[in-house]
Amino acid sequence: MTIAVLFGLLFLCMFMGMPIAIALGLSSVATILMFSNDSLASISLKLFEATSEHYTLLAIPFFILSSAFLSTGGVARRLINFAIDSVGHVKGGLAMASVMACMLFAAVSGSSPATVAAIGSIVIVGMVKAGYPKAFAAGVIANAGTLGILIPPSIVMLVYAAATEVSASRMFMAGFIPGLMMGGILMLAIYIVARIKGLPSQPFPGFAALAFSGARALGGLMLIIIVLGSIYGGVASPTEAASVAAVYAWLVSVWGYRDIGPLKDVAWRKEGENALVMLARNLVLLPVVMVCSFTDKEVNHVVKDAAKVSIMLLFIIANAMLFAHVLTTERIPHTIAETIVAWGLPAWGFLIVVNILLLIAGNFMEPSAILLIMAPILFPIAVQLGIDPIHLGIIMVVNMEIGMLTPPVGLNLFVTAGITGESMGWAIKAALPWLGLLLIFLILITYIPQISLFLPDYLDSLRGYKS
């Protein structure tokens, strides 16, 4: 009865068009009032505890803020130029460079829609001008943008870690090889299509130009080293690394590249200026930038946008955590787990069911909400069947990638349609041919666990832990 009321109210609210966060909270509160002895005061306490007790979730606002600065501060454009100089000379190289740029930006943003918006708004127009079909360019970016939640640091991985209390660092490690693998699969497919359709390539600019573009992109590339290096090296937790990333992203955008902020369009070095004088002048400007940033309209606008996204996402998480609390207190996951185990369903059969459920849910719900609802249910079953929780997490993240491309709630489709000025139907048709690659990739990730587990197990063995 409790299960029927909880999920019945949830789906009824969703079908009525109610926002997912409100639907989660309302169904949870109604179930508590009808079937539990908890008071309304305890419900407010649970909402507060949902975010305050999960230290890992504090990383989310910091990663969102760093992503906002990098999306606005010209980092994406420099990463794209570096990617084009690296692989643009290969057949179909501009599209391959777009995938590479998405992979690089994913490693500094942690967000899939942000990756599509930052990279796609620049490269889709460039590919069309170079002779690529517009639908081809949009489809590539929509799919490559999903790497934003697979390549660490990933906001979705942080949500899964908070919901299941597994290590966020191990989740990041587990996503690294699958992210590179998916990017490689997309680039290989682009190369094959380019050979068949005779798509253009760019002339190789030379090693000097490659080194120059790499140096210009170093501001963004260093963030990858700082964040992932500190986490994998055990120097900092994901939350600490995220806070450093936010400060560094501000520093690079406002003081380094100077695309926004009080020093916008001010050159680092004046004509004929001595290098030591140049360095001293810029170091003197740093405290001035720090003070003036508080009143700069562009910087304030970036911070406000990041705050809005953070509040929206944390509100969804708080209500989803309340929903998960109801599931746990009513022992719903344990009941479902005991039922499925009693059926004698093997691990491979259970993973088929998991993928089907998540693919269906991805059509209608936002990734973070899906993880917070489904993870507490699937986690105990997976443990009883001997499935590694980290492996399950990567399977769920890849399913969320596919959900980003499936209507009616595919976030990447909305972003792609917005930046191309085309209809939602056009964006769906553009992304559809590439979706098959993600489905094949999902099968590989599901049934070859070492793709996900090799790196975290190997790094643990290096640290002297039992793998």
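The values are calculated or read from the model by the stated rules, or taken from the named source; none is laboratory data. All figures in this text were calculated on a predicted structure; none of them were measured in a lab. All Cβ positions, glycine included, derive from the backbone under ideal geometry; neighbour counts span all protein chains shown.
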Residue that is nearest to PRO133 (Cα to Cα), among those in region 417-442 that are among the β-branched types (Val, Ile, Thr) and surrounded by 14 or more Cβ atoms within 10 Å (Cβ to Cβ): THR420
Of PHE350, PHE315, which residue is at pLDDT 75 or above and closer than 30 Å to SER44 by Cβ? PHE315
Close pairs from region 178-194: first in contact (Cβ under 8 Å) with a residue 40 or more places away in the chain and buried (at least 16 other Cβ atoms within 10 Å of the Cβ), partner of a type in the set (A, V, I, L, M, F, W, C) and not in a helix (DSSP H, G or I), Cβ under 8 Å, at least 6 apart: PRO178/LEU150; GLY179/LEU150; GLY179/ILE151; MET182/LEU150; GLY183/ILE151; TYR191/VAL90; VAL193/LEU199
Which condition from (1) out of contact with any helix residue (DSSP H, G or I) (no Cβ under 8 Å at 6 or more places or on another chain); (2) modelled with pLDDT under 80; (3) in a helix (DSSP H, G or I) is the one that ASN37 breaks? (3)
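Table: residues versus (1) of a type outside the set (Gly, Ala, Ser); (2) out of contact with any Asp or Glu (no Cβ under 8 Å at 6 or more places or on another chain); (3) closer than 25 Å to GLY92 by Cα.
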{"site": "VAL193", "(1), (2), (3)": "yes, yes, yes"}
{"site": "ALA215", "(1), (2), (3)": "no, yes, yes"}
{"site": "SER237", "(1), (2), (3)": "no, yes, no"}
{"site": "LYS264", "(1), (2), (3)": "yes, no, no"}
{"site": "ASP296", "(1), (2), (3)": "yes, yes, no"}
What single numbered condition from (1) surrounded by 15 or more Cβ atoms within 10 Å (Cβ to Cβ); (2) modelled with pLDDT of 80 or more; (3) over 14 Å from PHE69 (Cβ atoms) fails to hold for VAL299? (3)
So if I check each of PHE11, PHE69, which one is aromatic (Phe, Trp, Tyr), touching a helix residue (DSSP H, G or I) at 6+ places or on another chain (Cβ under 9 Å) and closer than 28 Å to LYS304 by Cα? PHE69
Does ALA242 fit the bill of being within 25 Å of VAL299 (Cα to Cα), touching a helix residue (DSSP H, G or I) at 6+ places or on another chain (Cβ under 6 Å) and surrounded by 15 or more Cβ atoms within 10 Å (Cβ to Cβ)? yes
Members of region 379-388 found to be part of a helix (DSSP H, G or I) and either buried (at least 24 other Cβ atoms within 10 Å of the Cβ) or in contact with a helix residue (DSSP H, G or I) (Cβ under 6 Å, 6 or more places away or on another chain) (or both), listed by number: PHE379, PRO380, ILE381, ALA382, GLN384
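Somewhere in region 146-162, is a residue β-branched (Val, Ile, Thr), touching a Pro at 6+ places or on another chain (Cβ under 6 Å) and touching a residue at least 12 places away in the same chain (Cβ under 8 Å)?
Scanning region 146-162 turns up at least one residue that is β-branched (Val, Ile, Thr), touching a Pro at 6+ places or on another chain (Cβ under 6 Å) and touching a residue at least 12 places away in the same chain (Cβ under 8 Å).
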Would you please name the residue that is nearest to LEU372 (Cα to Cα), looking only at residues in region 1-46 that are buried (at least 17 other Cβ atoms within 10 Å of the Cβ) and of a type in the set (Val, Ile, Thr)? ILE20
Residues of region 253-276 being over 20 Å from LEU218 (Cα atoms) and loosely packed, with under 12 Cβ neighbours inside 10 Å, which ones? LYS270, GLU271, GLY272, ASN274, LEU276
Of the listed residues (ILE332, ILE340, ILE402), the one being touching a residue at least 40 places away in the same chain (Cβ under 8 Å), among the β-branched types (Val, Ile, Thr), over 22 Å from ASN319 (Cα atoms) and touching a Ser or Thr at 6+ places or on another chain (Cβ under 9 Å) is ILE402
Log entry, pairs with first residue in region 223-241 being in contact (Cβ under 8 Å) with a residue 40 or more places away in the chain, second being part of a loop (DSSP other than H, G, I, E, B) and among the acidic types (Asp, Glu), beta carbons closer than 6 Å, six or more apart or on different chains, reads none
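Yes/no matrix, rows are residues, columns are (1) of a type in the set (Gly, Ala, Ser); (2) within 18 Å of the chain's Cα centre (by Cα); (3) within 20 Å of ILE155 (Cα to Cα):
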site: PHE172; (1), (2), (3): no, yes, yes
site: PHE176; (1), (2), (3): no, yes, yes
site: LEU188; (1), (2), (3): no, no, no
site: LEU199; (1), (2), (3): no, no, no
site: PHE204; (1), (2), (3): no, no, no
site: GLY214; (1), (2), (3): yes, no, no
Which numbered condition in (1) assigned to a loop (DSSP other than H, G, I, E, B); (2) surrounded by fewer than 22 Cβ atoms within 10 Å (Cβ to Cβ) is the only one that LEU405 fails? (2)
Using beta carbons and a limit of 7 Å, which pairs, at least six apart or on different chains, have the first residue in region 438-458 and in a helix (DSSP H, G or I) and modelled with pLDDT under 95 and the second one surrounded by 18 or more Cβ atoms within 10 Å (Cβ to Cβ) and of a type in the set (Phe, Trp, Tyr)? LEU455/PHE176
